[in-house]
Amino acid sequence: MKNSTLIAIKAVLDSDPPRTKTERETLLRTLGLDTGEVKAKEDDRIVSFGEAAQRLACTRRTLHNIVDRGGLNKVRFPGSTKARGFLASDIDALLTNGRAGSAA
């Protein structure tokens, strides 16, 4: 599972009032998140289309073309069914190497 997914799951579990603290801890341990604190690295941050276009110094249309050609993968924002963005690490990889690729 990607770190951003695990962070979203942990946030949901932490905010789920019907679950007791013991139940939440058991679920986190089962998911391998038993350290208690999962923090996103800067590279795991999801950026919007607008921010990605700005960082790549291109238009949104050009960014859509890059996605259509397979040069960049869209990811969902946690908790959203439609909103999409990009991993900051993929944007950085595209800037550095000319191609995106997730490390996770």
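No value in this document is a laboratory result; all are computed from the given coordinates. Because the structure is predicted, anything quoted here is derived from the model rather than measured. We place every Cβ from the backbone using ideal geometry, glycine too, and count neighbours over all the protein chains shown.
Observations on the model:
- Each label was represented as a point 7 Å from its Cα along the Cα-to-Cβ direction; for Arg60 and Thr26 these points are 4.6 nm apart.
- Shape of region 42-97, Cα gyration tensor, a/c cut at 1.5: oblate
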